[in-house]
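Peer 1: Dropping a structure here in structure tokens format, bear with me for questions.
Only the coordinates and a few stated rules stand behind these numbers; no lab work does. In this text the structure is predicted, and so the values were computed from the model without any measurement. Note that each Cβ is placed from the backbone with ideal geometry, even for glycine, and that neighbours are counted across all protein chains shown.
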Amino acid sequence: MKIAVCVKQVPDSWAEKKMGSDGRLDRANVDAVLNDLDEYAVEEALKIVEAHSPTGEAGEGSGHTITVISMGPERASEAVRKALSMGADDAIVISDDALGGSDALATSLILAAEIKNGGYDIVVCGTESTDARMSVVPAMLAERLGYAQLTFAGSVKVDGTSITISRQTEFGVEEMSAPLPAIVSVVEKINEPRYPSFKGIMAAKKKTITTKSLADLGVSSQSSWSTVKDSALRPPRGAGVKVADEGDGGNKLVAFLQERRLA
Amino acid sequence: MSSVLILVDHVGGVVPKAVGELATFGKRIGDVTAVICSSKSAEIVPQLSAFAISKIIICDGIEFEKHSVGATAQALAAVVAKESPAAVLITSTARGKEIAGRLAVRCDSGLITDAIDIDSACVATQSVFGGSTTVHSTISHGTPIVTLRSNSIEVEAGSGSPSVENFAVSFDGVDKAIVTSVQPAVKGGRPELTEASIVVSGGRGTDGNFAPVEAFADVLGAAVGASRAATDAGWYPHSHQVGQTGKTVSPQLYVACGISGAIQHRAGMQTSKTIVAINKDPEAPIFEVADFGVVGDLFAVLPQASEGLKKA
């Protein structure tokens, strides 16, 4: 099996994020890390390979490969390196000045072109990036590639030619299955991402990260299908009234709710 | 006058209030056409008369329930091609956003998700970066496709009965993923988290005991949420997590109980209209965003408040 994991480098989710004057997220002044939620995707890809590997391990000798695919500025290779040190085999970073400000439509178009090149059987994604939080790229990839879409998976089983997931939706717990190729997105309760071991970190330094431009990929795309008109910092919420509970905290709360007609 | 398509979301044939909100937004832009993609249209159509809708288009097929979002996006794209609407509005749920994403690809159209407002010129308002920044955007290419968060507008009542049309859908080449079984969600009798107008959440301070949080929620008719600390500890299901990596809620009232209010939690609830916090630590950051804060033990404050409301 050829497995691809799509990852994104994002501003550290603990950092305060601000809009730049160009109507885009200011990425220059914050620490960039591998999107938290993508670590679960890397882990799940490793688990799938381990379950099908004669040695029980991913990597050479498993008969399967895991390629990390990322689109972003060149420094995105730092985030990719973490996925490699967890155990993925190699990585492709698509980087091009023309891709700055890409929206989900552009991102899915570019990633789909690379996935098509590689002919992957399974593409694993996180459920969303912690910066843009749209949660639509996996569905868009399925639409562009004609792969089966199995998103928000809480468990994944692969039997070589087909894939089955279970997921929690507003309808209840659903089981879905599809023939390969398929796009899967995984929720964070699916697994516990491993910490890269020292051995893994050393091995990752020797793994190949291929950087590709749009010309290498043979596609072109407009960067965005929408336009930001303006943005403004929301006035900070002023702290309101704070009372200490002196045995009457609950009653004071009730009085507040009634005064605001909330109860 | 131009038409606006809204997608009728439903759970087992029951139409949520959010569809009425879409109709109310849609009316600003044009005549509202509601599109039903379901085998349950007989149950759904009568529920739509409460909303400001002028026309209903029914796409019938068991495939919509069986194939998840791919089938719905495919049908909706065919309706868009026929109707050439001024915009397509969809509720901003996980499912709604995926449908919108696939539709945007099919129609080569721009997509704005998680909007909290849209005006007559299709300028959408979003609240991003955990509610710290307000952004106005427009679609610059194709038919504007916008997903709107529930609880963003007061529902306007409908007048008159909408016309009903059937639309024949082709499922050729539909997404091959099939739902093989569904275990229906256990109905706890509480509203859905992202739809609820009141949310009561518990965090580390509950120490694993959500009973007072649930009791207070039930007195208020509220949904129950949880911080990541509480869901990671296994005290409450992950599906109830509010915050950066969980659900984003924007209710009329949000009550944070025993939640410190780390930036990751605030990102999921900061746009709530009114915020109440109960925490033992007077320095907890949640108080910085709370309209009303009680420094105290939730195990004392909540039961007293529940009793007080029952008497009221």
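Peer 1: Assuming R0 = 35 Å, what is the FRET efficiency of B:Val11 and B:Ser84, from their Cβ-Cβ distance, to the nearest 0.05? Spell out each step's value before the answer.
Peer 2: Details: r = 30 Å, r/R0 = 0.86.
That pair, B:Val11 with B:Ser84, gives E of 0.70.
Peer 1: For chain A, take the longest principal axis of its alpha carbons; what is the angle in degrees between that and the long axis of helix A:76-86, to the nearest 10 within 0 to 90?
Peer 2: 70
Peer 1: Put a dot 7 Å past each Cα toward the Cβ at A:Lys157 and A:Glu16; how far apart are the dots in nm?
Peer 2: With each label placed 7 Å out from Cα toward Cβ, I get 5.0 nm.
Peer 1: With springs connecting C-alpha atoms under 10 Å apart, model chain B as a Gaussian network and identify which of B:Gly20, B:Gly234, B:Gly110 has the largest mean-square fluctuation.
Peer 2: The residue with the greatest mean-square fluctuation here is B:Gly234.
Peer 1: Can you give the charge dipole size of chain A about its Cα centre, rounded to the nearest 20 debye, using +1 on the beta carbon of Lys and Arg and -1 on the beta carbon of Asp and Glu?
Peer 2: Result for chain A is approximately 360 debye, rounded to the nearest 20.
Peer 1: Right, here's the next one. About the Cα centre, and with charges only on the beta carbon of Lys, Arg (+1) and Asp, Glu (-1), how big is the dipole of chain B? Nearest 20 debye, please. All intermediate terms of the calculation are to be shown ahead of the outcome.
Peer 2: Working: 23 positive and 30 negative charges, 29 e Å.
Taking the Cα centre of chain B as origin, the dipole is about 140 debye.
Peer 1: With springs only between Cα atoms under 10 Å apart, run a GNM on chain A and tell me which of A:Leu109, A:Leu253, A:Leu25 wobbles the most.
Peer 2: Per the Cα network of chain A with a 10 Å cutoff, A:Leu253 tops the list.
Peer 1: Please compute the contact order of chain B in relative form: average sequence separation of alpha-carbon pairs under 8 Å and at least six residues apart, divided by the residue count, as a percent.
Peer 2: Details: 707 pairs, mean separation 45.4, N = 312.
So the answer I get is 15 percent.
Peer 1: Could you tell me the relative contact order of the range A:2-217? Use alpha-carbon pairs under 8 Å, at least six residues apart, and round to a whole percent.
Peer 2: Working: 454 pairs, mean separation 54.3, N = 216.
The normalised contact order for the range A:2-217 reaches 25 percent.
Peer 1: Towards the positive end of the charge dipole of the protein assembly as shown, with charges on Cβ (+1 Lys, Arg; -1 Asp, Glu), say which of A:Ala142, A:Pro196, B:Ser197 has the farthest Cα.
Peer 2: The Cα lying farthest towards the positive end belongs to B:Ser197.
Peer 1: With each run of n ≥ 4 DSSP H residues scored as -39500 (n - 2.57), what mean residue ellipticity at 222 nm is computed for chain A after dividing by its residue count and rounding to the nearest 500 deg cm²/dmol?
Peer 2: Values: 7 runs with 76 residues, N = 263.
Calculated from helices alone, the mean residue ellipticity at 222 nm is -8500 deg cm²/dmol.
Peer 1: In square nanometres, what is the average projected area of the Cα convex hull of the range A:1-145? Can you show the working numbers first?
Peer 2: Values: hull surface 33.5 nm².
Projected over every direction and averaged, the Cα hull of the range A:1-145 covers 8.4 nm².
Peer 1: Sticking with this one: For an R0 of 25 angstrom, estimate the FRET efficiency from the Cβ-Cβ distance between A:Glu78 and B:Asp232 and round to the nearest 0.05. List each step's numbers first, then the result.
Peer 2: Numbers: r = 27 Å, r/R0 = 1.06.
Once the sixth-power term is evaluated, E becomes 0.40.
Peer 1: Just A:Gly154, A:Gly172, A:Gly126 to compare: in a GNM of chain A, with alpha carbon springs under 10 Å, which one fluctuates most?
Peer 2: Sorting by GNM fluctuation, first place goes to A:Gly172.
Peer 1: For the Cα atoms of chain B, what angle does the longest principal axis make with the long axis of helix B:17-29, in degrees from 0 to 90, nearest 10?
Peer 2: Value to nearest ten degrees: 60.
Peer 1: Which lysines have a Cα less than 27 Å from the Cα of A:Lys189, not counting those fewer than 8 places away in the same chain?
Peer 2: Within the straight-line limit of under 27 Å, A:Lys189 reaches these lysines: A:Lys2, A:Lys8, A:Lys17, A:Lys47, A:Lys82, A:Lys157, A:Lys199, B:Lys66, B:Lys97, B:Lys176, B:Lys187, B:Lys247.
Peer 1: What's the magnitude of the charge dipole for the range B:230-312 around its Cα centre, counting Lys and Arg as +1 and Asp and Glu as -1 at the beta-carbon? Answer in Debye, nearest 20.
Peer 2: Values: 6 positive and 7 negative charges, 66 e Å.
Computed about the Cα centre, the dipole is about 320 debye.
Peer 1: Loop only per DSSP, at most 12 neighbouring Cβ atoms within 10 Å: give me the trypsin sites (Lys or Arg not before Pro) in the range B:184-260, ordered by residue number. Could you put the intermediate results ahead of the total?
Peer 2: Values: sites: B:Lys187, B:Arg204, B:Arg228, B:Lys247; in loops: B:Lys187.
Within the range B:184-260, the qualifying trypsin sites (Lys or Arg not before Pro) (loop, at most 12 other Cβ atoms within 10 Å) are B:Lys187.
Peer 1: Further question on the same structure: Run the numbers on the range A:23-112 and let me know its relative contact order in percent, using alpha-carbon pairs under 8 Å that are six or more apart.
Peer 2: Taking the mean separation of contacting Cα pairs over the length of the range A:23-112, I get 25 percent.
Peer 1: Could you tell me which of A:Gly172, A:Gly87, A:Asn35 has its Cα farthest along the dipole of chain A towards the positive end, charges placed at Cβ (Lys, Arg +1; Asp, Glu -1), taken about the Cα centre?
Peer 2: Result: A:Asn35, furthest along the dipole toward the positive end.
Peer 1: I've got another one for you. Against the longest principal axis of chain B, how steep is helix B:211-220, in degrees 0 to 90 to the nearest 10, with axes from Cα atoms?
Peer 2: 50
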